[in-house]
1. Could you order Y211, Y113, Y162 by accessible surface area, starting with the largest, using a probe radius of 1.4 Å?
2. Under the Karplus relation 6.51 cos²θ - 1.76 cosθ + 1.60, θ = phi - 60°, what is the ordered set of whole-Hz ³J(HN,Hα) values for the range 144-155, x standing for Gly and Pro?
3. Mind jotting down the distance between the C-alpha centroids of the range 184-221 and the range 77-142, whole Å?
4. In nm, to one decimal, how far is the modelled label at V146 from the one at W187, with both set 7 Å along Cα→Cβ?
5. In the full protein assembly as shown, how much of W137 is accessible to a 1.4 Å probe, in Å² to the nearest 10?
6. Using a probe radius of 1.4 Å on heavy atoms only, what accessible surface per residue do you get for the range 88-151? Whole Å² is fine.
7. Quickly rank 147-158, 40-51 as a protection proxy: mean count of other C-beta atoms within 10 Å, highest first.
8. For F236 and K210, calculate 0.36 nm times their separation in residues minus their Cα-Cα distance, and state this gained length in nm to one decimal.
Amino acid sequence: MNLLASLPTSIGTAAVAPALLILWLVIAAGERPGSPAKVWGAFLLGAGSISLLGILRAPFRDLVIAPDNPWLAQIVHSLFGVALPEETVKILVIFAVSARRRPLDDPMDTVVYGAAAGLGFAAYENLAYLVQHAEMWRSLAALRSVLTVPFHGALGIIAGAYLAIARTGTALGAHRYHRDWARMSSWILMLIGPLALHAAFDFPLLMLQKYPDLAPPARLWFGATSMLIGFSSIAFAARLVRRVARHHAPRTKVARERLSQLRRMWALLMIGGGAGFAGLAFVLTSVHHWLLNPERNMTIVLVPVGFTSILLGSMLLVVTTAIYLLGRSRLRTTI
């Protein structure tokens, strides 16, 4: 099954929906969510960045095969064959989206862009896995939505948070006399942190995949280690989100009221996107059935329903985005 053709199906919904839900939770954590265009741009670029992995993996192909020690071989593969290329493309997306910063941009915006890039990457990867294992896609979707998808989002959050720290120097409560060290160490941790966590998470899974005949205690140990690293990374990313939001977002009564309005707008944006996606699913699925079924019966009736859903979803997206941008511009004019 083609990946794009599988989007308007149950498999496509199961692959993309967890990433969108987690992105909404990250957006709701900030008092001044960034531009919807940049957030969706980071999400789509994160998904498209998978196309660059082949280029970034090419220099390390010989290096991955070289070690004779199986443990060392898997360590090298998890580090240079998986973690380094994947985290590099995410960071490139974060830089590309957040390159043009305005004076009133909140550092939390960079965290949201990092989450969007990581979750876009996770959504496309999730879709590829579910299509590849279509016979067991339900159990695989449940497992990946709980751990793998939020883990990729967490790594994007960590990279975005340390990029925000590096740009401000005194973020996360760094002492004013150590701002240079905070900035320098943050630039390093922006890559080293996600890289180390990703490699540590993948190494046990690669060992289980490479050596299926391992003893049950060893398999249990590897699986538990991977889950521990994954959930710990998610918890650490959530902690970074709270700390960045607390140090850089105002907590006045007016700001909290505006936050509530912005969250409702983002909810409407999610509803509009979901309605458009559902309408597209109705249309494409109905046309597919209509072409394959010689009787061409009631399936074509769903096409108008699909177009109506697409129209309503698009209108909701356009109107809500317009209100959001006008309200944001008016606030900046007032300030």
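1. On the way: Y211 75, Y113 10, Y162 35 Å².
In descending accessible area the options line up as Y211, Y162, Y113.
2. The phi angles translate into 6, 5, 7, 10, 5, 5, x, 5, 4, x, 5, 5 Hz.
3. With the range 77-142 and the range 184-221 each reduced to a Cα centre, they are spaced 17 Å.
4. 4.2
5. For W137, solvent-accessible area is about 40 Å².
6. Numbers: 2570 Å² over 64 residues.
Ligands and nucleic acids excluded, the figure is 40 Å² per residue.
7. Working: 147-158: 27.2, 40-51: 20.4.
Averaged packing, sorted descending, gives the order 147-158, 40-51.
8. Values: separation 26, 0.36 × 26 = 9.36 nm, distance 2.92 nm.
Answer, rounded to one decimal: 6.4 nm.
The values are calculated or read from the model by the stated rules, or taken from the named source; none is laboratory data. Everything quoted here is computed from the prediction, not taken from an experiment. Methodologically, a virtual Cβ is constructed for each residue, glycine included, from the backbone with ideal geometry; neighbour enumeration extends over all protein chains shown. These area figures cover heavy atoms from the full protein model, side chains too; ligands, DNA and RNA do not enter into them. Shrake-Rupley method; radii C 1.70, N 1.55, O 1.52, S 1.80 Å.
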